[in-house]
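For reference, the structure discussed in these notes is given below.
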Amino acid sequence: MKKIAVFLVMVVITILFTGCGGSLEQQKEKAIVRAEQAFTNKLDKNETLQAIAFHRPSGLTVKEDKPNNIILEKGSHPYILFYNPIVPSSSEELYELEKNQEGQMIVDKTFSVEDRFGYLLIMDAGDNKYEVTAGVGGVKATTESTVKQLESDAGYLMEMVASAQLSE
């Protein structure tokens with residue numbers, strides 16, 4: 001009886017540890033769902049810098065503010081926001097440039113609502129790291145992520161770019 005109890009406890013522990021981290025496949029799917037939700041949600045803009053107003057997710061702070069580039073951080077984890085005010089939100093130009101980069105693409109997902117075109121790209125960056133890029137028209141954001149962070153990073157990036165409003 002004692003061996004069965006120990007076995008059952010080990011099975012439960014194994015299931016919990018396996019479920020908590022999640023495989024790359026599971027995290028990719030979660031990242032896509034989170035990015036799609038962020039793309040379709042209407043978020044208030046809480047940050048205005050240069051010629052762009054956008055939703056800055058909680059916990060992210062502005063580290064650097066240069067023309068057409070804003071570097072944000074959560075702790076020491078950087079997020080880069082790039083924008084081109086000439087490119088409309090319906091454009092696929094940045095998406096085409098990004099998806100044709102060299103490297104193993106593991107997620108290539110596009111979203112379209114009315115006159116807005118969005119995308120989520122995740123590339124293998126080696127050493128269990130992934131380059132995550134989300135974009136809408138002429139606005140894109142990117143970061144380097146781990147499997148465990150794919151879902152939250154995809155959400156943060158898409159929240160920023162999907163909410164972005166460029167001034168003329």
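The values are calculated or read from the model by the stated rules, or taken from the named source; none is laboratory data. Small disclaimer: the values here were computed from a predicted structure and weren't measured. Cβ: placed from backbone, ideal geometry, glycine included. Neighbour counts: every protein chain shown.
From the list Asn84, Asn128, Asn100, which one is among the polar types (S, T, N, Q) and either in contact with a His (Cβ under 7 Å, 6 or more places away or on another chain) or under 23 Å from Lys148 (Cβ atoms) (or both)?
Selected residue: Asn128, the only one of Asn84, Asn128, Asn100 that is among the polar types (S, T, N, Q) and either in contact with a His (Cβ under 7 Å, 6 or more places away or on another chain) or under 23 Å from Lys148 (Cβ atoms) (or both).
For segment 111-168, list the strands (runs of 3 or more DSSP E) that sit wholly inside it and hold at least 1 residues that are among the basic types (Lys, Arg) and surrounded by fewer than 24 Cβ atoms within 10 Å (Cβ to Cβ); which are they?
Where strands (runs of 3 or more DSSP E) fall fully within segment 111-168 and carry at least 1 residues being among the basic types (Lys, Arg) and surrounded by fewer than 24 Cβ atoms within 10 Å (Cβ to Cβ), they are 116-126, 129-136.
With the condition kept exactly as written, say whether any residue in segment 80-88 is β-branched (Val, Ile, Thr), on the phi < 0 side of the Ramachandran plot, at pLDDT 95 or above and surrounded by 15 or more Cβ atoms within 10 Å (Cβ to Cβ).
Within segment 80-88, one or more residues are β-branched (Val, Ile, Thr), on the phi < 0 side of the Ramachandran plot, at pLDDT 95 or above and surrounded by 15 or more Cβ atoms within 10 Å (Cβ to Cβ).
When you scan segment 96-106, do you find a residue that is at pLDDT below 95 and surrounded by 17 or more Cβ atoms within 10 Å (Cβ to Cβ), even just one?
yes
What are the residues in segment 70-96 that are polar (S, T, N, Q) and under 18 Å from Asp153 (Cβ atoms), if any?
Ser76
Pick from Leu94, Leu43: which is within 18 Å of the chain's Cα centre (by Cα), in contact (Cβ under 8 Å) with a residue 40 or more places away in the chain and not in a helix (DSSP H, G or I)?
Leu43
Quick one: would you say Gln27 is of a type outside the set (Phe, Trp, Tyr), at pLDDT below 95 and surrounded by 11 or more Cβ atoms within 10 Å (Cβ to Cβ)?
no
Name the single residue that is surrounded by the fewest Cβ atoms within 10 Å (Cβ to Cβ) among those in segment 46-79 being assigned to a strand (DSSP E or B) and among the polar types (S, T, N, Q).
Thr61
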